[in-house]
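Enquirer: Shown below is the structure under consideration.
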2 protein chains.
Amino acid sequence: MPRLTIRIDFDNGDQLGPGKVRLLELVAETGSIRKAAAQMKMSYRKAWLLLQALENTFQESLIVTATGGRAGGGARLTPLGARIAALYRGIEAKTLKGSSTDLRTLEKHTSHKRLR
Amino acid sequence: MPRLTIRIDFDNGDQLGPGKVRLLELVAETGSIRKAAAQMKMSYRKAWLLLQALENTFQESLIVTATGGRAGGGARLTPLGARIAALYRGIEAKTLKGSSTDLRTLEKHTSHKRLR
């Protein structure tokens, strides 16, 4: 089955796509921007800039960070941060479901060079 | 209303996205690879390579070209070429329709920096 990737272009010109969404999800999973960045093989700075861009798009905090303390800092998503990732994955899932016949038709016509 | 862009990753590793689909549509509209390339502001060579990649993905002719004659050459889509573009646009349309509530919810949370 082919995979789908969706990019959303908002009216203000900002974009939401798989990279930013995955980053949000990994911050939630790992509890750390640094670990999330490492899993995506990107620099901490790159991850931080992407998250800044996201918060700029939505004009609200999507991530809460704590510094120091016993847990040595860490990060988690705000409710809106979690909501945005979930909405994106929902759109993706609905597309896959609604278009599975079309996708299979396209796939059927492709060559099969590489097995995965 | 936000815009959606869909990219399909086939099992063989090849991709189908908005650029290749638009190119097919413009060849159909203009009857010429050169004119289609010009409308997309890309070189003829770039357009030709994209179309070669597409035909390689689908292992069948998607475009028929005629050289010389009164019409001075020209290009048109094969039935499969037209079908692929139509299937892609169908998936796009179904996604927009099926996800309009989610998209509006996301849009509602964005800032409105630029009017379009």
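Enquirer: Taking the range B:11-45 as the region of interest, how many residues are in contact with a His (Cβ under 8 Å, 6 or more places away or on another chain) and in contact (Cβ under 8 Å) with a residue 12 or more places away in the chain?
Expert: The total comes to 1.
This table checks each residue for (1) buried (at least 17 other Cβ atoms within 10 Å of the Cβ); (2) at the interface with chain B (Cβ under 8 Å from one of its Cβ atoms); (3) at pLDDT below 90.
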| residue | (1), (2), (3) |
| --- | --- |
| A:Arg76 | no, no, no |
| A:Pro79 | no, no, no |
| A:Ile84 | yes, yes, no |
| A:Tyr88 | yes, yes, no |
| A:Ile91 | yes, yes, no |
| A:Thr101 | no, no, no |
| A:Lys108 | no, no, no |
| A:Lys113 | no, yes, yes |
| A:Arg116 | no, yes, yes |
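Enquirer: Failed condition for A:Ala66, given (1) within 20 Å of B:Ser111 (Cβ to Cβ); (2) more than 14 Å from chain B (Cβ to nearest Cβ); (3) out of contact with any helix residue (DSSP H, G or I) (no Cβ under 9 Å at 6 or more places or on another chain), with all others met?
Expert: The one condition A:Ala66 does not meet is (1).
Enquirer: Quick check on A:Ile8: is it in a helix (DSSP H, G or I), in contact (Cβ under 8 Å) with a residue 60 or more places away in the chain and within 14 Å of the chain's Cα centre (by Cα)?
Expert: Against the criterion (in a helix (DSSP H, G or I), in contact (Cβ under 8 Å) with a residue 60 or more places away in the chain and within 14 Å of the chain's Cα centre (by Cα)), A:Ile8 does not qualify.
Enquirer: Then there is this: In the range A:20-55, which residue that is within 14 Å of chain B (Cβ to nearest Cβ) and farther than 16 Å from A:Arg83 by Cα is surrounded by the most Cβ atoms within 10 Å (Cβ to Cβ)?
Expert: It comes out as A:Ala53.
The values are calculated or read from the model by the stated rules, or taken from the named source; none is laboratory data. Owing to the predicted nature of the structure, the values given are computational and were not obtained by experimental measurement. All Cβ positions, even for glycine, are placed from backbone atoms using ideal geometry, and neighbour counts span all protein chains on display.
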